[in-house]
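Notes follow the structure.
The values are calculated or read from the model by the stated rules, or taken from the named source; none is laboratory data. Predicted, not measured: the structure shown is a model, and the values here were computed from it. FYI the Cβ positions are ideal-geometry reconstructions off the backbone, even for glycines, and counts take in every protein chain you see. For the accessible areas, the whole protein counts, side chains as well, though only heavy atoms, and no ligand, DNA or RNA atoms are used. Shrake-Rupley method; radii C 1.70, N 1.55, O 1.52, S 1.80 Å.
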Amino acid sequence: MNAYKVERWTRQSVFFSAAVGALLLVLAVGPLVFPPGITDRLTTLFIYIILAAMWNALAGYGGLVSIGQQLFIGLGGYALIRISNAGVPMFPALILAIVIIALVALPIGELMLRLRGGEFAIGMWVLAELAHFSINLDPLIQGETGTSLLALNAFTPGARRADIYWMGLALMILLLGTLFVLLRGKIGASIQAIRDDEIAAASVGVKVQNGKRVMFVLAAGGCAAAGVLNLATTISYQPHAFFGIQWTAYMLFMALVGGLGTFEGPIIGAILFFSMETFFGATGVLYLIGLGVVALGFALFIPRGIWGEVEARFGVRLLPVGYFLKMVEGEKVK
Amino acid sequence: MSGVALTATGLFKRFGALVVLNNVDFQVSPGEAIGIVGPNGAGKTTLLNVLSGAYPPSGGQVFLAGHDVTALGAAERCRLGIARSHQVPRPFAGMTVFENLHVAAAVGGGLAGQAAYDACVDSLELCGMTRVANRRAETLGLLDRKRLEMARALATGPKILLLDEIGGGLTDAEAAVLVNIIQTISRRDVAVVWIEHIVHILLQVVTRLVCMDAGRILAQGEPREVMADPSVIDAYLGPGAVAHV
Ligand SMILES: Nc1ncnc2c1ncn2[C@@H]1O[C@H](COP(=O)(O)OP(=O)(O)O)[C@@H](O)[C@H]1O
Ligand SMILES: [Mg+2]
């Protein structure tokens with residue numbers, strides 16, 4: 001065998017990671033320097049990025065297209081209401097709600113992962129509707145009237161805004177960081193193989209169902225985190241707003257437009273979606289039509305999404321999840 | 001590395017009413033190289049699918065080193081030492097060639113760190129793929145995709161390597177290189193089962209030839225004798241052809 005080296009960090013990815021680190025540092029001091037309106041909007045952006053990344057983890061990497069991830073958004077919010085109502089302080093309650101829903105996702109996954117393709121997608125939506133109607137029966141929730149996260153009244157608006165922002169930032173870093181660490185390791189290699197070809201993945205020893213389980217639970221926990229954060233920002237819990245299928249439409253849009261099955265793509269998709277909402281959201285129906293047209297345009301003409309296209313055309317990889325072979329002697333590697 | 005035998009007894013595979021494997025018995029001994037020939041639709045690929053665990057058989061059993069592995073899926077059988085290539089290549093398109101091999105070495109071969117890298121580089125060099133190691137697999141042409149199938153299977157460190165038509169479309173020089181590669185693999189005490197239409201390259205490597213037709217094994221044994229068998233000539237050229245040979 002000729003001498004070789006395997007590199008994981010390229011100059012590109014070192015530079016990019018440093019830039020991301022710097023950006024996160026700036027974001028971390030955000031509430032101290034940004035106007036309140038910006039802080040609030042950024043919290044919303046964090047929620048969108050979490051949602052896009054988690055839907056992508058499930059569909060892009062796990063090959064599991066779900067139109068019912070609002071199940072976990074709604075359950076996350078509900079868990080927070082219940083736990084907070086039981087007297088647990090605000091921020092431990094936030095974390096506890098997410099952990100509990102991730103645990104609840106384990107048996108749900110066992111059941112749902114037996115279904116294939118369209119059955120899984122629709123089955124998840126049916127579950128979301130079932131959960132929605134069941135939770136309406138809880139007297140605390142008062143049906144569609146909903147309830148509020150009363151514990152938040154104990155905070156001043158300024159402190160609440162900043163704390164929720166930091167919570168959102170921390171959860172976004174934690175969830176995307178988890179996905180990144182998974183992707184960089186052995187599980188990640190398996191998951192990328194599953195994304196590209198399940199049959200071939202199994203043929204090289206990858207336990208496809210296990211990979212899907214990991215993605216299912218991560219995506220469930222991530223969506224629960226988004227639900228919890230959403231409740232913390234809106235304060236009121238109306239079941240139809242949390243279990244609504246519009247969440248699926250948003251996630252689909254962000255992941256597809258940004259680039260399914262890439263790490264960076266859904267983040268770009270979320271920023272694009274967030275910008276469209278910020279600038280055109282007030283136009284109501286026109287905005288929704290605009291979203292539809294953009295999504296359709298991508299599906300027809302740029303099916304890989306923005307980042308998928310960039311990666312394929314220019315071979316860029318900003319994250320050090322790959323392997324680059326350099327031969328010290330022998331043949332030249334391309 | 002000591003070899004392991006793969007045995008199948010009484011295999012059936014049905015797709016609805018279609019019987020694609022009809023009571024097939026099959027055995028590969030350690031270090032042996034077996035060729036499988038037969039007309040299109042004979043059931044060769046299906047046999048490979050059932051041996052590798054991609055499909056469960058409709059009847060019959062598969063044993064690896066004497067253990068019944070019939071109930072195990074493809075991933076588990078790969079971890080036990082059965083690797084395969086696919087007739088229609090199935091690359092991990094979004095990953096580089098090296099990463100395609102790395103997942104095979106890490107997961108299927110259970111290797112980590114330097115040992116996994118070594119397995120990849122060894123396999124790349126053996127299969128002549130070092131030059132494209134960092135290319136995304138989706139950018140490869142058909143010939144390189146076929147080489148990648150073999151290289152990736154090899155990176156799992158198999159005891160039994162199942163190859164499905166990797167030699168189609170090769171020039172004579174390329175075919176000679178392929179024969180060389182498979183001889184090298186065989187010398188490493190890996191049992192090879194090679195489905196191929198191009199009989200003359202197969203005959204340079206295999207010690208035993210199996211001819212299949214319509215889901216059954218028509219003839220097997222010493223390669224040249226099998227090719228001269230009247231029923232084999234019938235299957236290839238149609239009934240009656242024997243009289244003219
Ligand atoms: N998954 C499947 N579903 C239905 N029929 C199949 C399937 N796989 C193979 N067959 C059928 O089984 C027969 C044998 O196919 P195959 O094993 O691919 O033959 P060979 O590799 O010898 O050309 C063909 O008639 C094919 O159409
Ligand atoms: Mg075939």
Worksheet item: Over all Cα pairs of the range A:2-332, how is the pair count split among 20 Å bins, expressed in % and running from 0 up to the last occupied bin?
Response: 30, 58, 11, 1
Worksheet entry | Principal axes of the range B:143-202: Cα extent on each, largest first, Å | 28, 21, 17
Worksheet, complete the sentence: Using alpha carbon centers only, the range B:101-171 is separated from the range A:199-237 by a whole-angstrom value of 31
Practice prompt. Would you mind working out the magnitude of the charge dipole of the range B:90-157 relative to its Cα centre, with +1 at each Lys and Arg C-beta and -1 at each Asp and Glu C-beta, to the nearest 20 Debye?
Written response: 260
Response to the item:
Diffusion coefficient in µm²/s returned for the range B:1-72 by Stokes-Einstein, Kirkwood Rh over C-alpha pairs, 37 °C and 0.692 mPa s, is 259
Worksheet item: Considering only protein heavy atoms and a 1.4 Å probe, what is the carbon-and-sulfur percentage of the accessible area of the protein assembly as shown?
Response: 65
Fill in: Residue among B:GLY66, B:GLY108, B:GLY53 with the largest mean-square fluctuation in a Gaussian network model of chain B, springs linking Cα atoms under 10 Å
B:GLY66
Practice prompt. Calculate the all-directions average of the projected area of the protein assembly as shown's alpha-carbon convex hull, and give it in nm².
Written response: 30.4
Worksheet item: Among B:ASN100, B:ASN22, B:ASN134, which one shows the biggest mean-square fluctuation in a GNM of chain B, springs joining Cα atoms closer than 10 Å?
Response: B:ASN134
Item to complete: For chain A, set up a Gaussian network in which alpha carbons nearer than 10 Å are linked by springs, and say which option among A:GLY123, A:GLY259, A:GLY315 fluctuates the most.
Response: A:GLY315
Discussion item. Quick check on the range A:69-193: take the gyration tensor over C-alpha atoms, sort the square-rooted eigenvalues as a ≥ b ≥ c, and tell me if it's rounded (a/c under 1.5), prolate or oblate.
Written reply: oblate
Discussion item. I need the Kirkwood Rh of the range B:90-157: take the reciprocal of the average 1/r across all distinct C-alpha pairs and report it in angstrom.
Written reply: 11.2
Worksheet item: Which angle between 0 and 90 degrees, to the nearest 10, do you get for helix A:70-85 versus the longest principal axis of chain A when only C-alpha atoms count?
Response: 50
Worksheet, complete the sentence: Looking only at lysines whose Cα falls under 16 Å of A:LYS334's and that sit 8 or more positions away or on another chain, we get A:LYS5, A:LYS326
Item to complete: Just give the residues from the range A:313-334 buried by at least 10 square angstrom of accessible area in the all-chains context relative to the isolated chain, probe 1.4 Å, and say none if nothing qualifies.
Response: A:ARG317, A:TYR323, A:PHE324, A:LEU325, A:MET327, A:GLU331, A:LYS332, A:VAL333, A:LYS334
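Could you work out the local net charge near A:ALA270, counting Lys and Arg as +1, Asp and Glu as -1, over the other residues with Cβ closer than 12 Å to its Cβ?
-2
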Discussion item. Could you report the range A:246-334's accessible area per residue, 1.4 Å probe, as an integer in Å²?
Written reply: 51
Worksheet entry | 0 to 90° range, to nearest 10: angle between helix A:117-136 axis and chain A longest Cα axis | 20
Worksheet item: Rounded to two decimals, what ratio of Rg to Rh does chain B give with C-alpha atoms and a Kirkwood Rh?
Response: 0.97
Discussion item. As an exercise, use a Förster radius of 22 Å and the Cβ-Cβ distance of B:THR171 and B:GLN204 to find the FRET efficiency, rounded to the nearest 0.05.
Written reply: 0.90
Response to the item:
Amide H proximity to B:VAL193 below 5 Å, modelled H, separation 5+ or other chain, gives B:ILE34, B:LEU161, B:LEU162, B:LEU163
Worksheet item: What's the longest piece of chain A with no exposed chymotrypsin sites (Phe, Trp or Tyr not before Pro), counting a site as exposed if DSSP puts it in a loop and it has at most 16 other beta carbons within 10 Å?
Response: A:156-334
Worksheet item: Against the longest principal axis of chain A, how steep is helix A:11-28, in degrees 0 to 90 to the nearest 10, with axes from Cα atoms?
Response: 20
Item to complete: Excluding residues fewer than 8 places away in the same chain, name every one of the lysines whose C-alpha is closer than 30 Å to that of B:LYS13.
Response: A:LYS207, A:LYS212, B:LYS44, B:LYS146, B:LYS159
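When a/c is below 1.5 the answer is rounded, else prolate if a/b is larger than b/c, else oblate, so apply that to the range A:1-142 with a ≥ b ≥ c taken from the square roots of the Cα gyration tensor eigenvalues.
Verdict is oblate for the range A:1-142.
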